[in-house]
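Some notes on the structure that comes next.
Each reported figure results from applying straightforward, stated rules to the coordinates on display, with no laboratory input. If you're wondering where the values come from, they're calculated on a predicted model, not measured in any experiment. Neighbour counts are summed over all protein chains in view; Cβ atoms, including those assigned to glycine, are modelled from backbone coordinates with ideal geometry.
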Amino acid sequence: MAHGRAGRTSVLAGVVLLLMTACGSDDGALRSQGARPAPPPVSSDLPPTSPAPAPTSPAPPAPSCAEQTLGTLDLGHQVGQLLMVGIPATDPVGGYAQLDGVPVGGVFLRGRSSAGADAVRTAVGQLQAAAPLPLLVAVDQEGGQVQTLKGPGFDLVPSALEQAAQGPAALAATVAGWAAQLHGAGITMDLAPVADTVPAGTEAANPPIGASDRQYGSDPDQVAAAVTAAVGALQDAGVAATVKHFPGLGRVHVDTDTDVGATDPETSPTDPFLRPFADAVTADPAAVMVSSASYPQLDPDRIAPFSSAVIGLLRGRLGFDGVVMTDDLGQAGAVAQTPVGQRVVDAVSAGVDVVLTVRAADAAPMAQALVDAATADPVVATRVTASAGRVLALKERFGLLTC
């Protein structure tokens with residue numbers, strides 16, 4: 001019995017000793033529970049922590065020269081940028097003097113001149129010196145029967161059909177040659193190339209285009225290749241190209257310059273004859289000219305220059321964001337039944353940027369009508385400002401406008 005009690009006492013003492021060893025200090029208890037020692041104090045000599053900088057937005061881009069210039073123009077001068085007025089190619093300086101002080105944005109040398117490049121350069125220099133802002137100086141230098149400027153320093157330009165027969169590469173070289181001559185004479189814009197497709201066998205029945213060989217062909221793919229080559233060559237030479245006559249005059253049987261009733265009943269938003277215009281847009285032409293014909297599938301009520309649907313097709317489906325201009329809205333038969341002032345208001349309201357008239361006498365009444373409409377209607381005023389901005393941007397792009 002004594003031996004049993006001693007054994008139990010020995011075991012109990014061992015348990016007590018084990019417990020004392022495990023709990024012998026607070027530090028050991030903390031370590032056994034996985035706790036970490038307190039960090040050392042931070043020196044008061046260290047600099048305070050700075051807060052992270054707040055994210056900043058990128059600085060807005062500096063305004064372009066066109067935007068700066070637009071900001072200085074009153075309504076009358078904005079309206080002026082939307083007008084291109086015809087003056088005689090044989091007497092540009094005298095014609096400009098007939099504009100009654102209207103600050104037009106552009107002039108069109110109408111008619112034909114054989115005075116040569118030196119004479120044209122001198123006259124254009126005088127026009128630019130007299131203008132409050134640099135002018136777009138435009139000509140119809142298509143080739144064949146449509147060539148405004150001839151004489152020393154200007155090559156004879158073959159018709160569009162002859163140009164297209166060379167193939168796109170040779171055509172581009174041909175256009176580059178006479179475009180350089182235009183640029184050297186101070187011409188800033190060519191109302192070319194023609195992107196109208198005339199169906200084979202109908203040329204004689206198409207007075208505005210086919211009867212004069214103004215088309216590049218009867219196949220829209222061929223026309224597209226030629227138009228794109230011409231746009232590039234003109235603009236590489238520093239001359240703003242104007243693709244015309246959207247959405248096409250190749251199927252009409254009436255000349256819009258001389259009569260009413262020019263209608264194309266076939267053109268639709270998916271018409272293959274739009275291909276040359278669509279391809280031309282990818283070449284980034286300075287301008288597209290809208291025809292003065294009617295296109296019932298696009299707009300049954302209004303002719304093209306007064307149709308927001310037609311211009312919306314060009315802006316939307318084709319994605320053109322440059323200058324949209326009209327064909328002649330002065331003496332053209334297609335608009336003879338519409339008062340002169342109403343023509344410019346209707347065109348700008350539809351989305352046109354530049355209204356062309358071949359008559360200098362139209363400058364003052366057109367300008368006044370547009371000023372009155374913009375003063376009365378904020379929507380028209382907004383359109384005027386936007387269009388003036390596009391015209392000024394075109395001028396800056398081609399080196400006319402500098403700040």
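Helix 363-376 axis versus longest C-alpha principal axis of the chain: approximately 40°, rounded to the nearest ten.
Of the residues 220, 168, 63, the one that moves most in a GNM of the chain with alpha-carbon contacts below 10 Å is 63.
Comparing 186, 261, 101 in a Gaussian network model of the chain, where Cα atoms under 10 Å apart are tied by springs, the biggest mean-square fluctuation is seen for 101. By other beta-carbon atoms within 10 Å, ranking 150, 244 with the fewest at the front produces 150, 244. Using only Cα atoms, tell me the angle between helix 2-22 and the longest principal axis of the chain; keep it within 0 to 90° and round to the nearest 10. So the inclination is approximately 30 degrees. Per residue, the average separation of C-alpha pairs within less than 8 Å and at least 6 apart gives the chain a relative contact order of 16 percent. The mean of 1/r over all distinct Cα pairs in the chain, once inverted, gives the Kirkwood hydrodynamic radius of 24.3 Å. For region 275-345, the relative contact order comes to 34 percent (Cα pairs under 8 Å, sequence separation of at least 6).
Relative contact order for region 191-300: what percent, with Cα pairs under 8 Å and sequence separation of 6 or more?
Details: 221 pairs, mean separation 36.0, N = 110.
It rounds to 33 percent for region 191-300.
Axis of helix 340-350 versus longest Cα principal axis of the chain: the two differ by about 30°, to the nearest ten degrees.
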